[in-house]
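Scroll down for the structure; my scribbles are underneath it.
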């Protein structure tokens, strides 16, 4: 017999309440716990049906109900289906967004280089100080647990953790509740040793699994460290005699091609913005963090595409660059990117 939605919601409420309290669950508790707006009598009838179908048990006469193995199985399968669907939808949206963003940023770099006659760069948006959105543990086999960690920006990290002791479905559910209750909404900096110790204590013999999940969270938060940077107009450097010296020009061209040093410039700009300084930074000569740009001026701007997704736009030219035009162009571009994201 297929359970209707009302029975499913009541069963879910019983399981969630039991996992939280460890106490048998009565109809009055369920009437307060769900949004079904049903009377206690109606809920009692539904609970009797669920008991007859084998999804819940009554451990003692006059006591509330607890989930059966069959009830746990339905709950776990339903939960995993929902989470897998959510994750798949996130991946599809993320892939589509990344493809569109990739094309957009390449175009922005080209347009900037053409309109300013300077060299330009733009970093793909990355999460700054990512926070955990949710964690899902599920059993692959008796000694392997699949860990799925989703952080802000819908960055998804999957990993397989080995366990010595086989986990019951009830224990996996309890660990899911423990981990999500403690870690959701936190950044890596906010997850401290005291919190980890408390979670390990609650996990008991499965404390090492908590350590593995923390490592998976750290990996997910750091997953975006390989920064994507788009450049254009490097050859514009040769327009300016003070930069056209073979050695200077060669160093600048190499910087644009290898891009590692540009990552340093991006991180410096984002750090300055986060410390409360202006979203637009102007580096003149020795002020720039990139050695090969010591004879240049660099103007950078931080743009944001929501959910903490930030990137850097940079314009590199001679010290006699048209600062007014460059800063005005960057301000306009930041507004356009913001408007485009909100559409």
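Residue-by-condition table, conditions (1) surrounded by 17 or more Cβ atoms within 10 Å (Cβ to Cβ); (2) touching a residue at least 12 places away in the same chain (Cβ under 8 Å); (3) within 18 Å of residue 17 (Cα to Cα):
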position	(1), (2), (3)
161	yes, yes, no
167	yes, yes, no
171	yes, yes, yes
185	no, yes, no
192	no, no, no
202	no, yes, yes
205	no, yes, no
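Condition (residue is modelled with pLDDT under 70 and either surrounded by 14 or more Cβ atoms within 10 Å (Cβ to Cβ) or more than 30 Å from residue 323 (Cα to Cα) (or both)) applied to region 103-119: is it met by at least one residue?
Looking through region 103-119, none of the residues is modelled with pLDDT under 70 and either surrounded by 14 or more Cβ atoms within 10 Å (Cβ to Cβ) or more than 30 Å from residue 323 (Cα to Cα) (or both).
For region 49-72, taking the residues that are assigned to a helix (DSSP H, G or I), in contact with a helix residue (DSSP H, G or I) (Cβ under 7 Å, 6 or more places away or on another chain) and within 13 Å of residue 3 (Cβ to Cβ), the one that is modelled with the lowest pLDDT is identified as 71. Evaluation of residue 242 against the conditions (1) buried (at least 18 other Cβ atoms within 10 Å of the Cβ); (2) touching a strand residue (DSSP E or B) at 6+ places or on another chain (Cβ under 6 Å); (3) at pLDDT 85 or above shows that the sole unmet condition is (1).
Answer yes or no: is there a residue in region 160-176 that is in the same structural domain as residue 304 (by TED's automatic domain parsing), assigned to a helix (DSSP H, G or I) and either closer than 30 Å to residue 252 by Cα or at pLDDT 85 or above (or both). Spell out how you get there, then give the answer.
To start, the set of residues in region 160-176 that are in the same structural domain as residue 304 (by TED's automatic domain parsing) comprises none.
No; the residues of region 160-176 include none that is in the same structural domain as residue 304 (by TED's automatic domain parsing), assigned to a helix (DSSP H, G or I) and either closer than 30 Å to residue 252 by Cα or at pLDDT 85 or above (or both).
Checking each residue in region 133-148 for being at pLDDT 85 or above and under 15 Å from residue 187 (Cα atoms) picks out only 135.
For residue 157, the criteria (1) touching a helix residue (DSSP H, G or I) at 6+ places or on another chain (Cβ under 8 Å); (2) closer than 19 Å to residue 19 by Cβ hold in every case but one, which is (2).
Going by the structure shown, is residue 176 surrounded by fewer than 17 Cβ atoms within 10 Å (Cβ to Cβ) and touching a residue at least 40 places away in the same chain (Cβ under 8 Å)? Judged against the criteria, residue 176 is not a match.
The values are calculated or read from the model by the stated rules, or taken from the named source; none is laboratory data. Just so you know, these numbers come straight off a predicted model, no measurement behind them. Don't worry about glycine lacking a Cβ; one is built from the backbone with ideal geometry, like all the others, and counts go over all protein chains shown.
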